[in-house]
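**Q** One structure is given below, represented as structure tokens, and several questions about it will come after.
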Amino acid sequence: MLNVTNVSLRFGDQKLFEDVNIKFTPGNCYGLIGANGAGKSTFLKILSGELEPQTGDVSLKNDQRLAVLKQNHFEYDEYKVLETVIMGHTRLYEVMQEKDAIYMKGEFTEEDGMRAAELEGEFAEMNGWEAESEAARLLTGLGISEDLHAKEMKELAGSEKVKVLLAQALFGNPDVLLLDEPTNHLDIKAIQWLEDFLIDFENTVIVVSHDRHFLNNVCTHIADLDFGKIQIYVGNYDFWYESSQLAQKMAEEQNKKKEEKIKDLKEFVARFSANASKSKQATSRKKLLEKITLDDIQPSSRKYPYIAFKADREIGNDLLTVENLSKTVDGVKVLNNVSFTMNKDNKIAFVGSNEVAKTTLFQILMGEVEPDEGTFKWGITTSQSYFPKDNSKFFERSDMNLVEWLRQYSPEDETETFLRGFLGRMLFSGEEALKQPDVLSGGEKVRCMLSKMMLSGANVLLLDEPTNHLDLESITSLNKGLINFKGSILFASHDHEFIQTIANRIIELTPQGIVDKEMSYDEYLQDPAVQKQVAALSE
């Protein structure tokens, strides 16, 4: 059990935590959530001992071990891959090193023999004889092939290093596992493997992630960081979100009879209990959910931006025709004979391992890049608005504020009052609306770009990784906004929940062509025939 007692931390005038008291218990997975800048990663550093709180302490039994997902991808460049994973269990690795040093001595003394015997006993207690096979199993599960296990870390690509460091954290069955954004840079198969691993993991997990699908699958509890306090709630992210919305509704309806509120709560809990997706966690979670009372449900102070796209013109039946598009970037053919016709009401998710391919396709469709071969044609009733992955060129100016910045993209007759109100709904209220574009954070820039798109009135939206840099609140609002949009959408995203809830058509870009299916994302991933076709075109 990991105990947090009276922990407080300030940075200057900013209060991150104040008198935080929590017990993280074995068998549970806690999703740590909070707005950007609330201090989630800082709290993980306090739990790991990397950062000292100003008051209070974090305690773990002496015989228990805590493992952390390392963020420095170059820290182990001089070590071999398999060795890097085993280094996740510090004491085991130390024993292995000392043992090997003794056996390599030219002269083996009686004292060396006694010490070696002690080390062998400790080595066996820590299951050392299985260390290499366990490390290899973790690496293989995460998609690091056996031929890479003996290579040095510096020989691996960045995405491969991420997987090795994740295997390092998981190695050796730690008593407490701290994971900060573990799904970043992982492919779909690696994420699914990690979900299954954590669902079967019997110790304590504390995870920070913007991936709602991941949080929903693995979390038994949500640890909500808000106003310097951390409140623990039973259930996954969706349960926390819906319960906070229910609490808000109840708070606004103070005169509603308590019996009716209790009925609403029971129906709500029953629905979520029935929808639990994983048997092992669903059983324990269901028991906990059924114990929830009205007092346990609290409204959140979170602020959600208002995101709603409305087309100025109804779209016709002729939208977009793409014929035999091909494009080579830096010597690699990223688009190979791509052809498809976009139909009315299509919301198409472009997936695939090559991010450059998706970005290049969007750039071609927006006229920013010329294809090597092929053509495309937009229908005459269409108007497009584009969210590029790299938006830096839109925010280089420092001679204007956000009101003036947004005026560039709005109809000429819109007043400053309208623009300020619009920015306020996107969480730029008061003095925030007078910020200069070049000082905005990544998340703020994304909200500005979404504001620009909403004002465009376009009936076709193109979005390249729009959830990057956004907090969970903004992702949730954008997700709803795109679900409710009456026009058509082409988008790329790594967010499973985002794709599953928005897309009604999936197009996968592969080295040898495309796989094009009108179905949901989950259906696409679970269809053996589709995945066989993807594998054949990816060879």
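The values are calculated or read from the model by the stated rules, or taken from the named source; none is laboratory data. Just so it is clear, the structure is predicted and the values come from calculations on it, not from any experiment. Reconstructed Cβ throughout: ideal geometry from the backbone, glycine too, with neighbour counts over all protein chains shown. Remember, those area values only see protein heavy atoms, side chains included, never the ligands or the DNA or RNA. Shrake-Rupley method; radii C 1.70, N 1.55, O 1.52, S 1.80 Å.
**Q** What angle, in degrees between 0 and 90 and rounded to the nearest 10, separates the Cα long axis of helix 131-141 from the longest principal axis of the Cα atoms of the chain?
**A** 10 degrees
**Q** Tell me the mean residue ellipticity at 222 nm calculated for the chain from its helices only (DSSP H runs of n ≥ 4, each -39500 (n - 2.57), averaged over every residue, nearest 500).
**A** It lands at -12000 deg cm²/dmol.
**Q** Then there is this: Probe radius 1.4 Å, ligands and nucleic acids ignored: give me the carbon and sulfur share of the accessible area of the chain as a rounded percent.
**A** That share works out to 47 percent.
**Q** Something else now. Could you order the peptides 98-109, 32-43, 152-163 from most to least packed, using the average number of other C-beta atoms within 10 Å per residue?
**A** Output ranking for 98-109, 32-43, 152-163: 32-43, 152-163, 98-109.
**Q** So if I take the centroid of the Cα atoms in region 187-228 and the same for region 357-434, what is the distance between those two points in Å?
**A** Computed from Cα coordinates, the inter-centre distance equals 34 Å.
**Q** Residues of region 128-147 with backbone nitrogen within less than 15 Å of a virtual label 7 Å along the Cα-to-Cβ line of TYR103, please, listed as ranges.
**A** Output list for this probe position: 128-133.
**Q** For every other residue with a beta carbon closer than 14 angstrom to the beta carbon of LYS377, add +1 if it is Lys or Arg and -1 if Asp or Glu, then tell me the sum.
**A** Around LYS377, the charge tally is -2.
**Q** GLN192 to ARG137: extension gain in nm, 0.36 nm per residue of separation minus the Cα-Cα distance?
**A** Result: 18.3 nm gained on full extension.
**Q** Let me make sure I get this right: for region 42-184, a, b and c are the square roots of the gyration tensor eigenvalues over alpha carbons, sorted descending. Under 1.5 in a/c it's rounded, otherwise prolate if a/b > b/c, else oblate. Which is it?
**A** oblate
**Q** Once you sort the root eigenvalues of the Cα gyration tensor of region 385-539 as a ≥ b ≥ c, which label holds: rounded (a/c under 1.5), prolate (a/b larger than b/c) or oblate (the other case)?
**A** Prolate.
**Q** On to the next question. Please turn the phi angles of region 385-391 into ³J(HN,Hα) values with the Karplus equation 6.51 cos²θ - 1.76 cosθ + 1.60 (θ = phi - 60°), one per residue in order, whole Hz, x for glycine and proline.
**A** Residue by residue, region 385-391 yields 10, 10, 10, x, 5, 9, 9 Hz.
**Q** Considering Cα pairs under 8 angstrom that are at least six residues apart, work out the relative contact order of the chain and quote it in whole percent.
**A** 14 percent
**Q** Taking square-rooted eigenvalues a ≥ b ≥ c of the alpha carbon gyration tensor, is region 1-96 rounded, prolate or oblate, where a/c under 1.5 means rounded and, failing that, a/b exceeding b/c means prolate?
**A** prolate
**Q** Quick one: if you stick a label point 7 Å off each Cα along the C-beta vector at TRP378 and GLN248, how many nm between them?
**A** Here the modelled spin labels are 3.4 nm apart.
**Q** Please compute the net charge surrounding LEU178, taking Lys and Arg as +1 and Asp and Glu as -1 over other residues with Cβ under 14 Å from its Cβ.
**A** For residues surrounding LEU178, the net value is 0.
**Q** Please report the antiparallel percentage of the DSSP beta bridges confined to the chain, to the nearest 5.
**A** Here the antiparallel bridges make up roughly 55 percent for the chain.
**Q** When ligands, DNA and RNA are left out and all protein chains stay put, how many square angstrom of accessible area per residue does the chain have with a 1.4 Å probe?
**A** 48 Å²
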